[in-house]
Amino acid sequence: SQQGEEDPQALSIQEGENATMNCSYKTSINNLQWYRQNSGRGLVHLILIRSNEREKHSGRLRVTLDTSKKSSSLLITASRAADTASYFCATAAVGGSRLTFGEGTQLTVNP
Amino acid sequence: DTEVTQTPKHLVMGMTNKKSLKCEQHMGHRAMYWYKQKAKKPPELMFVYSYEKLSINESVPSRFSPECPNSSLLNLHLHALQPEDSALYLCASSGSRLADRTSTDTQYFGPGTRLTVL
């Protein structure tokens, strides 16, 4: 079954608000990654967090990882209309040789 | 240069046609991938090349034939496709020359080829 499941499936907020997306997974991982995809285009890597890390920041992005709960969250602060996109988590399982993508969260930021 | 390029951007083909998708990267990455993505779905892995050798084939039908002519290029040859093969085809690469890890590292994606099979 799919390694990563994301929640919510869709999120609609106003500009300036924060957006939080969650990802849960089933097996032990080496790392977890977040990607953004604008409509019909390629994926853009946002951030990678390793299994021995608990939190990482990159600009307006904050990612947390709780390996005991097998979950991660992506927080986008002070959202902008340009943040409108699909966001996918992807996990690299221990002993695995590929990334497995979650179903994604569609974020809409209204101006 | 952190770019992965893909050509063509759009492709419309009939079920009897033969066409090829092309992907190129100049980041020195040692792993390259083909993914298929349907609307509102995550990318599905099709093939992985590691050090120019096919390392993963996710039971993809033989009407899709990958080729890696050199470490910078990846092709996907298409023949006798079905309408359900219409999708966005994404190429990605990962893994620097210095790193031992490849396919579980950060992946850099191209913009994709939007394929329509009539």
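The values are calculated or read from the model by the stated rules, or taken from the named source; none is laboratory data. Predicted model, so just to flag it, every value in this text is computed and none were measured. Ideal geometry is used to build each Cβ from the backbone, glycine not excepted, and the neighbour counts take in all protein chains shown.
For the residues A:T105, A:T27, A:T91, the requirement of being surrounded by fewer than 20 Cβ atoms within 10 Å (Cβ to Cβ) and either basic (K, R) or touching a residue at least 12 places away in the same chain (Cβ under 8 Å) (or both) singles out A:T27.
Residue-wise test of (1) over 29 Å from A:Q106 (Cα atoms); (2) within 10 Å of the chain's Cα centre (by Cα).
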| position | (1), (2) |
| --- | --- |
| B:W34 | no, yes |
| B:K38 | no, no |
| B:P43 | no, no |
| B:S50 | yes, no |
| B:K53 | yes, no |
| B:S62 | yes, no |
| B:N70 | yes, no |
| B:L78 | yes, no |
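So which residues in the range B:1-47 are of a type in the set (A, V, I, L, M, F, W, C) and in contact (Cβ under 8 Å) with a residue 60 or more places away in the chain, if there are any at all?
The first filter runs over the range B:1-47 and keeps only residues of a type in the set (A, V, I, L, M, F, W, C), leaving B:4, B:11-13, B:15, B:21, B:23, B:27, B:31-32, B:34, B:39, B:45-47.
Result: B:V4, B:L11, B:V12, B:M13, B:M15, B:L21, B:C23, B:M27, B:A31, B:M32.
Just for strands (runs of 3 or more DSSP E) wholly inside the range B:13-118: which have at least 3 residues that are surrounded by 15 or more Cβ atoms within 10 Å (Cβ to Cβ)? Please lay out each step first, then the result.
Details: elements: B:18-25, B:31-37, B:44-50, B:53-57, B:64-70, B:73-79, B:87-94, B:113-117.
Output list reads B:18-25, B:31-37, B:44-50, B:64-70, B:73-79, B:87-94, B:113-117.
I'm trying to understand the selection: among the residues of the range B:9-53, which are among the polar types (S, T, N, Q) and modelled with pLDDT of 95 or more? Reasoning before the result, please.
Start the filter on the range B:9-53 by keeping residues that are among the polar types (S, T, N, Q), which leaves B:16-17, B:20, B:25, B:37, B:50.
Result: B:S20, B:Q25, B:Q37.
Scanning the range B:23-45 for residues that are under 11 Å from B:V4 (Cβ atoms) and not hydrophobic (A, V, I, L, M, F, W, C) yields B:E24, B:Q25, B:H26, B:H29, B:Y33. Number of residues in the range A:1-24 that are surrounded by 14 or more Cβ atoms within 10 Å (Cβ to Cβ), modelled with pLDDT under 95 and farther than 15 Å from B:P43 by Cβ: the value is 2.
Checking the structure you have, find out if any residue of the range A:51-68 is within 10 Å of chain B (Cβ to nearest Cβ), surrounded by 14 or more Cβ atoms within 10 Å (Cβ to Cβ) and either in contact (Cβ under 8 Å) with a residue 12 or more places away in the chain or within 19 Å of B:A39 (Cα to Cα) (or both). Within the range A:51-68, not a single residue is within 10 Å of chain B (Cβ to nearest Cβ), surrounded by 14 or more Cβ atoms within 10 Å (Cβ to Cβ) and either in contact (Cβ under 8 Å) with a residue 12 or more places away in the chain or within 19 Å of B:A39 (Cα to Cα) (or both). For the range A:19-41, a tally of residues being touching a strand residue (DSSP E or B) at 6+ places or on another chain (Cβ under 6 Å) and either under 30 Å from B:L115 (Cα atoms) or not small (G, A, S) (or both) returns 16.
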